[in-house]
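What follows is a set of notes on a single structure, which appears directly below.
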């Protein structure tokens, strides 16, 4: 096997122009196996402004267009999520609505267990019915534990069964260091997550449920004659902030996931274990400003854009076009966009059949010898197997290539 390095020299002008030089393809005789996929790039460029001190047990700030994490502490350190847990409760509720298992106007009965829930509440009444729509607002805006349990029981029959759904969904999303014990966020010995996993969940809510996401921007909600404000203080201070969720227990401290959209960019910040409501707002604001003022994000490849052709053996076509399944963005420190080099790594030989969307390589964006970000490169069309004689001929070609390469 040969790993082929295709080098593209790129000058990235963050004002909008991209200047290309002709590609040079250089074979490198190194053993290769499966190409690595980088769905969540974690290389951290240094911003054009200094990162301020962040008074938190763990934190993260991420640009959701490029998927790049721009500052982090304790990436995979397990922490207590507290009411950030309700992001998963909401995710599964939105999913149930989308799948028709619930409707917004459906009435659910409040059980004694839900009514007795400790901690923050929307003040539901036992054995009374309440709409799913009101429960969602009470869950998100008022952070009601009684709302969380009522939704859990309405969706799964019991909170215990719902927790199993939460953990299964966390696994599906790639939240590999998360385990839930309840739907509310009350402390539990194994009720733990990480800032990396919370970022995955936050991005999934924004991406998968755009119709429901605006609820997170609402500043207050009144139920049963009781008005409660949203505990996310940044909603009242920064017009660009439109989410996402607060959390607090004595053991967890004060947590906040904040989401900001400014000049077309979506950035999220996560702080865990701050000292107070005011502190979590202040530290979150520091992270958001660092990302939005210190970095620029630009689209560098279009979805479906062809960046190269690869030889296909034993296929109905002899070549396959490769490129990207999605628009590809890069985030760089402001004013540091020149002479970014692109390295295309592909594993060869490529044997038919090839599926559309099958990963055939990785594109690395380099700043000198430092990898800024990696993106998977895929087949843009399918290539079926050739007939018997076509496969036989290419088999002989590969045999001779193997002999002479040795």
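The values are calculated or read from the model by the stated rules, or taken from the named source; none is laboratory data. For clarity, every value in this text was computed on a predicted model and none was experimentally measured. Here Cβ is always computed from backbone atoms with ideal geometry, including for glycine, and neighbour counts include all displayed protein chains.
Sort through 244, 292 and tell me the only one that's out of contact with any helix residue (DSSP H, G or I) (no Cβ under 8 Å at 6 or more places or on another chain) and either under 30 Å from residue 399 (Cβ atoms) or at pLDDT 90 or above (or both). First the steps, then the outcome.
Working: 244 fails: out of contact with any helix residue (DSSP H, G or I) (no Cβ under 8 Å at 6 or more places or on another chain).
Answer to the check: 292.
What's the total number of residues in region 167-193 that are under 21 Å from residue 110 (Cβ atoms), out of contact with any strand residue (DSSP E or B) (no Cβ under 7 Å at 6 or more places or on another chain) and crowded, with 24+ Cβ neighbours inside 10 Å?
2
So, restricting to strands (runs of 3 or more DSSP E) that lie completely within region 163-260, which ones have at least 1 residues that are under 28 Å from residue 66 (Cβ atoms)? Reasoning before the result, please.
Details: elements: 220-223, 226-229, 241-249.
Those strands (runs of 3 or more DSSP E) span 241-249.
Among the listed residues 335, 304, which satisfies the condition of being under 20 Å from residue 373 (Cβ atoms), modelled with pLDDT of 85 or more and assigned to a loop (DSSP other than H, G, I, E, B)?
Working: 335 fails: modelled with pLDDT of 85 or more.
When all the criteria are applied, what remains is 304.
Only one of these is part of a helix (DSSP H, G or I), assigned by TED's automatic domain parsing to the domain that holds residue 233 and farther than 25 Å from residue 79 by Cα: 146, 134. Name it. Step through it out loud before you land on a result.
Numbers: 146 fails: farther than 25 Å from residue 79 by Cα.
Of 146, 134, the one residue that is part of a helix (DSSP H, G or I), assigned by TED's automatic domain parsing to the domain that holds residue 233 and farther than 25 Å from residue 79 by Cα is 134.
So, in region 312-327, of the ones that are assigned to a strand (DSSP E or B) and under 8 Å from residue 380 (Cα atoms), which residue ends up nearest to the chain's Cα centre (by Cα)? Please lay out each step first, then the result.
Within region 312-327, the first condition is being assigned to a strand (DSSP E or B), and the residues that meet it are 312-313, 315, 319-323.
Okay, now just the ones that are also under 8 Å from residue 380 (Cα atoms), so 320-323.
Numbers: 320: 29, 321: 27, 322: 24, 323: 21 Å.
Top of the filtered list is 323.
Between 352, 281, which is crowded, with 16+ Cβ neighbours inside 10 Å, more than 30 Å from residue 55 (Cβ to Cβ) and free of Cβ contacts under 8 Å to residues at least 60 places away in the same chain? Spell out how you get there, then give the answer.
Working: 281 fails: more than 30 Å from residue 55 (Cβ to Cβ).
The conditions single out 352.
State whether one or more residues within region 312-320 are closer than 18 Å to residue 375 by Cα, modelled with pLDDT under 90 and surrounded by 17 or more Cβ atoms within 10 Å (Cβ to Cβ).
So the first thing to find is which residues in region 312-320 are closer than 18 Å to residue 375 by Cα, and the list is none.
Looking through region 312-320, none of the residues is closer than 18 Å to residue 375 by Cα, modelled with pLDDT under 90 and surrounded by 17 or more Cβ atoms within 10 Å (Cβ to Cβ).
Looking at (1) closer than 21 Å to residue 120 by Cβ; (2) in contact (Cβ under 8 Å) with a residue 12 or more places away in the chain, find the lone condition where residue 227 falls short.
Unmet condition: (2).
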